[in-house]
Amino acid sequence: MDSPAPEFSELSKSHVSKTINEFDAIIEKEIISELRYSYSDKHDETLYFKQEIINLSNNSRNELEKMNFNDRQIDAILSTKGLSADKVSNDVARRASANFRFNMYKNRFEYGDYAVVDAYWAWESAPVWAGKDTVVFGFSDGFTANLDRTVMKVTYRDLDGNYKDEQYYSPNGLVQGLRFDFEQSYGPGGLRSLSSGKVYLVIDNNRENKDYVEVHGKYLHNYLGVLPSINISGSNLVSIGFSANTKEMGDGYIVMA
């Protein structure tokens, strides 16, 4: 864990994950919500998000550059100045948003003892929503989180990739899982930066006959403090639920035996 967390460009070389746009994550969530609930009951988060973009348009180009938005985002943000949220197109909102990647890898599985998973995430530029995010993991019955050996390191950089600072975060335990709550945009010193992170996840096997483990991980954006839930189906599939106002930016699922 001594080296900095990898940048977005490094994660882009992997075929394990895909690039996820901050605004597209909201659109995807609303499509799912519309399938489950009537339109009148669906909370239109896109308008709230577009209003955040409009609020950012009160900054100058120079100020937005210092906040680590890229040129594509800045052009889109400034184009919304003086508009109402319902007049901002989805295309403009998408161009104003940041891209993100999340990867999970098998590290090792020691039969009857423990398993180790590596996870990595990174923002390409500054996201519209800055604040606290969370990374959450759930795993098979018969395993418990080793909170003493599990850690996440977050590296903060500017848009040019220059190192700014770093912070280590300890996990909070859940039933059949754990989570990391952390500052996604503001590193030590309070300067708005790009963040990337790496997780070293250790889970102990507390059943001698458990010869495999399933691990499910998610990156949750705009996390509002509601505890995510870890669910294990009758077939032992692990799933993660979370609050209605949280956006899923990354997802990983691996099996080790």
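Read-outs: derived from the displayed coordinates by stated rules, not from any lab. Keep in mind that this is a model prediction, so the values were computed, not measured. Cβ sites come from the backbone with ideal geometry, for glycine too, and all protein chains shown count toward neighbours.
So here's what we get for this one:
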item	result
Centre separation in Å (Cα based) which lies between region 137-188 and region 74-124	16 Å
Using θ = phi - 60° and Karplus 6.51 cos²θ - 1.76 cosθ + 1.60, couplings along region 177-188 (whole Hz; Gly, Pro as x)	x, 7, 9, 10, 9, 7, 7, 7, 10, 10, x, x
Sequence-distant aspartates and glutamates (8 or more away, or on other chains) whose Cα lies within less than 13 Å of LYS198	ASP2, GLU7, GLU10, ASP118, GLU166
Whole-Hz couplings from phi, Karplus 6.51/-1.76/1.60, listed for region 136-145; x for Gly and Pro	10, 10, x, 8, 4, 4, x, 10, 10, 6
Spin-label model distance (nm) - ASP44 vs ASP181, 7 Å beyond Cα toward Cβ	3.1 nm
Highest average packing first - 47-53, 78-84, Cβ atoms within 10 Å	47-53, 78-84
Derived scalar couplings ³J(HN,Hα) [region 72-81; Karplus, 6.51 cos²θ - 1.76 cosθ + 1.60; whole Hz; x for Gly, Pro]	4, 5, 4, 4, 5, 4, 5, 5, 8, 4
Subset of LYS66/LYS164; LYS87/LYS164; LYS132/LYS218; LYS66/LYS218; LYS81/LYS153 violating a 25 Å alpha-carbon distance limit	LYS87/LYS164; LYS66/LYS218; LYS81/LYS153
Sequence-distant residues sharing a close amide H with PHE69 (under 5 Å, placed H)	ALA126
Aspartates and glutamates with Cα under 16 Å of LYS50, excluding same-chain neighbours fewer than 8 positions away	GLU22, ASP24, GLU28, GLU30, ASP75, ASP86, ASP91
